[in-house]
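Everything below concerns the one structure shown next.
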Amino acid sequence: MSFDPFDLKAALPIINEDSEFFPLMSSEDEEEMNNEETPSILPILPLRNTVLFPGVVMPITVGRDKSIKLIREANKKDRLIGVVSQQDVNIEDPIFSQLNSVGTTALIIKMLKMPDGNTTVILQGKKRFTLQEEVQSEPYIKAKVAPFVEVKPKEDKEFKAIISSVKDMAMNIIQLSPSIPSEAGIAIRNIESTSFLINFISSNMNADMEAKQRLLETPDLRERARLVLEHLTTEIQMLELKNQIQNRVRTDLDKQQRDYFLNAQLKTIQEELGGTSPDLEAENLRERAMKKKWPTEVGGHFSKELDKLVRMNPAAADYSVQINYLELLLDLPWNEFSKDNFDLKRAQKILDKDHFGLDKVKRRIIEYLAVLTLKRDMKAPILCLVGPPGVGKTSLGKSIAKALGRKYVRMALGGIRDEAEIRGHRKTYIGAMPGRIIQSLKKAGAANPVFILDEIDKVGNDFRGDPSSALLEVLDPEQNSTFYDHYVEMDFDLSNVMFIATANSLSTIQPALLDRMEIIEVNGYTIEEKIEIAKQHLLPKQREAHGVKPKQVALKNDVIEKVIEQYTRESGVRTLDKQIGSVVRGVAKSIAMKEEYNTTVNKEDVEKILGAPIFDKDLYEGNDVAGVVTGLAWTAVGGDILFIESSLSPGKGRLTLTGNLGDIMKESATIALAYLRAHAGYFNIDPKLFDQWDVHVHVPAGATPKDGPSAGVTMLTALTSAFTQRKLRPHLAMTGEITLRGRVLPVGGIKEKILAAKRADIKEIILCESNRKDILDIKEDYIKDLKFHYVKEMRQVIDLALLDELVAEPLDLTIKADVTPEKTN
């Protein structure tokens, strides 16, 4: 915008002498001006290089004799004239036909005689008009005029946004232009009228005559505002570009001179101190690159990046970034492998020594080693160890690395929400760095480590991306040979890395990611396995951690069994490790205080150190009550037993479910009752009883949430026992789901459930026929005291679970439907 300083610094004080006129028009002033009638004949003042807009105050220097005479005569009368810009600015004395068709009526505010002899007149625009025909041409032009019809827009959100943008643009231009006085910004901020704001900015913006005349001739205020916004946008872009060019030229000149002197001084200082100059640093990187055995394309890429470093100014901010990038390329293990140890017997000994049990996992590792021994070139498998906490999934990775003779790398994925943690950041970002996959390989120094991806089921996602999707390329044997890190900007071969993922549950892992991994279940340990683990691993580790010698403390099998059964309840051994640590600390205190103690800790010593037992060994509650059945459940920390209690009370056949049950268990109870009603005749139950007795099913404890597809057979057995009052087979537990047809469906977590059954002194277990294969995976020594019954239909379950013998005091089930139980206070 080109605001005339005279307009704002000189004209305003002059205008303000007359309180009748003020340059900033209010809405009331504008309305009053619009209501004024335009004379039908006006003297016309041609303007050569400007356009007058309504409401705008403008000083004009008058030089033509005709124009001076017109001003003097009009100033003596009503001081009202017509102002029209001429079509061709080069014409000295324009005629009527050479004027534009639209002009502005103007009021003469002041007429001043300047020191140089010229006459300056201050005009205020009033209203637009349209020229019709010439009335006279001498001594000045007079013409007939008609009012100009303007269109007032609807002040909606869009129009208000346009006006707000116009005002903001004008303020920005004033700030960017040092030649524009600050009074211009004050004037714009104080304008109330929308129409006057557009006229004021149109009059003062840096635009040619044609553009301003076009704005004057535009009847629609919305369209006029949009055109002004276009002009202001172009102007502000030009001003910003102009300022950038000026600053760049000034900065480049100053920077070149400054850098020249600083580099000369730096070079001298480095030579005096015997340091490394930038040229020598680049040469060192080139020598290191010559020793690398990397692929040809990587070598070519490194050479280009090194040449870019040589051309850089050492004082530039990107110089250190480029050096860090080149050093990363040099530190990465391109085609650098650790030598595999193919001694399978040695590997088997290491795995057996470090981990008791886990035969299936060990067998899979030995199979991998065997194939690698025969072929010497094999895409590494992606194993996923799934199991409850504390079963040794993570520590198993260390043993595998030791058995293979490879480097060991562990990457914790729990809580990762940023995709850049996997793929890295682009170098253009401040503080960019490679992803943790590349960082771990750099730390390992080999391209074939054993890489543990810990807690892969706890990867999250948010607005920063989905890390689990980024892992798809990492864990796909067909794709990870060309893994692309955003920071490295080169494909890195991960096909030689042996990835081992660990998870507590498969339900939260993305299905596409799960499909790329080989799932190996690491189930909980039996009591016998826990005793051996405690003797071989946990107790020696705690002795060493607490400075106690082997001869100073020992634990017999029965003592360890007591700790397992009465102080822990888990599938793994993490809590057992803590409890054994407590026992060893108790002994360490006695040794340090020189107190007498038993070197072979007995059960009484355990209770003194650990306190009263936390858990009861025998949770089985007998079969003397009808309607109570023992079920087996799976939890995140292993297996457990639960009781399904059902009772009957006189009523109208309502079903009540309590015990903090989830939707699946509620459905199981509904299906069980529906099946029992449909087959009441087979179980010798009078169908009328279902309409005369209310059924209540409860699963203690009520405060613990319970859900899952494994309690269907247990609920149906409990209901059948309650309605028939038949005893349940002693020391019996069951698990399985049912359908309305009475089919028994298989369930998961069988090993954990079997371990829970053994802890609860269960002797017989009913399972679905399809779960027979799960029992075959368990060592016979661990289940030799258990008897398994495999069924396909619900009738088989009832025949096996319920005895013909009734409970001692059977309920009276002969109440008639029309008898209402008496109410008790």
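The values are calculated or read from the model by the stated rules, or taken from the named source; none is laboratory data. Quick caveat: nothing in here was measured; it's all calculated off a predicted structure. Heads up, the Cβs are rebuilt from the backbone with ideal geometry, glycines too, and the neighbour counts pull from every protein chain shown.
Listing for the model above:
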{"item": "Test: residue in region 127-142 that is within 21 Å of Asn34 (Cα to Cα), crowded, with 17+ Cβ neighbours inside 10 Å and over 60 Å from the mean Cα position of the chain (by Cα)", "result": "yes"}
{"item": "Whichever residue in region 369-379 is in contact (Cβ under 8 Å) with a residue 24 or more places away in the chain and in a helix (DSSP H, G or I) and, among such residues, is surrounded by the most Cβ atoms within 10 Å (Cβ to Cβ)", "result": "Leu369"}
{"item": "Gly460 being closer than 30 Å to Asp359 by Cα, part of a loop (DSSP other than H, G, I, E, B), at pLDDT below 85 and small (Gly, Ala, Ser)", "result": "no"}
{"item": "Filtered residues of region 71-92 (kept if assigned to a loop (DSSP other than H, G, I, E, B), of a type in the set (S, T, N, Q) and surrounded by 14 or more Cβ atoms within 10 Å (Cβ to Cβ))", "result": "Gln87"}
{"item": "Hits in region 93-125 - residues which are under 21 Å from Phe200 (Cβ atoms) and either in a loop (DSSP other than H, G, I, E, B) or under 60 Å from the mean Cα position of the chain (by Cα) (or both)", "result": "Asn100, Gly125"}
{"item": "Selection status of Leu506, at pLDDT below 90 and in a loop (DSSP other than H, G, I, E, B)", "result": "yes"}
{"item": "Region 212-232, residues that are touching a residue at least 12 places away in the same chain (Cβ under 8 Å), of a type outside the set (D, E, K, R) and out of contact with any Ser or Thr (no Cβ under 9 Å at 6 or more places or on another chain)", "result": "Pro219"}
{"item": "Matching residues, region 138-151, being closer than 30 Å to Arg64 by Cα and in a strand (DSSP E or B)", "result": "Lys142, Ala143, Lys144, Val145, Ala146, Pro147"}
{"item": "Residue match in region 113-121 (condition: under 27 Å from Ile198 (Cα atoms), touching a residue at least 12 places away in the same chain (Cβ under 8 Å) and touching a Phe, Trp or Tyr at 6+ places or on another chain (Cβ under 7 Å))", "result": "no"}
{"item": "Qualifying positions in region 425-437 - surrounded by 23 or more Cβ atoms within 10 Å (Cβ to Cβ) and either aliphatic (A, V, I, L, M) or at positive phi (or both)", "result": "Ile437"}
{"item": "Pair list, Cβ under 9 Å, 6 or more apart: region 380-406 residue closer than 16 Å to Asp577 by Cβ, other residue of a type in the set (A, V, I, L, M, F, W, C) and surrounded by fewer than 18 Cβ atoms within 10 Å (Cβ to Cβ)", "result": "Pro388/Ala636; Pro389/Ala636"}
{"item": "Of all residues in region 480-498 being in a loop (DSSP other than H, G, I, E, B) and of a type in the set (A, V, I, L, M), the one that is surrounded by the fewest Cβ atoms within 10 Å (Cβ to Cβ)", "result": "Met490"}
{"item": "Output for region 387-410, where each listed residue is under 23 Å from Leu514 (Cβ atoms) and touching a Leu at 6+ places or on another chain (Cβ under 6 Å)", "result": "Lys393"}
{"item": "Selection within region 506-528 - over 20 Å from the mean Cα position of the chain (by Cα) and within 18 Å of Ile452 (Cβ to Cβ)", "result": "Leu506, Leu514, Arg516, Met517, Glu518, Ile519, Ile520, Glu521, Val522"}
{"item": "Test result for Lys154, of a type in the set (D, E, K, R) and assigned to a helix (DSSP H, G or I)", "result": "no"}
{"item": "Residue in region 613-624 that is at pLDDT 85 or above, surrounded by 17 or more Cβ atoms within 10 Å (Cβ to Cβ) and of a type outside the set (A, V, I, L, M, F, W, C) present", "result": "no"}
{"item": "Residue within region 667-681 that is of a type in the set (Ser, Thr, Tyr) and farther than 16 Å from Leu740 by Cβ present", "result": "no"}
{"item": "Spans of helices (runs of 4 or more DSSP H) in region 679-776 with at least 2 residues touching a helix residue (DSSP H, G or I) at 6+ places or on another chain (Cβ under 9 Å) and either in contact (Cβ under 8 Å) with a residue 40 or more places away in the chain or closer than 18 Å to Ile664 by Cβ (or both)", "result": "712-724, 750-759"}
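This table checks each residue for (1) surrounded by fewer than 23 Cβ atoms within 10 Å (Cβ to Cβ); (2) not in a helix (DSSP H, G or I).
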{"residue": "Asn448", "(1), (2)": "no, yes"}
{"residue": "Ile452", "(1), (2)": "no, yes"}
{"residue": "Ser469", "(1), (2)": "yes, no"}
{"residue": "Glu478", "(1), (2)": "yes, yes"}
{"residue": "Ile500", "(1), (2)": "no, yes"}
{"residue": "Leu514", "(1), (2)": "yes, no"}
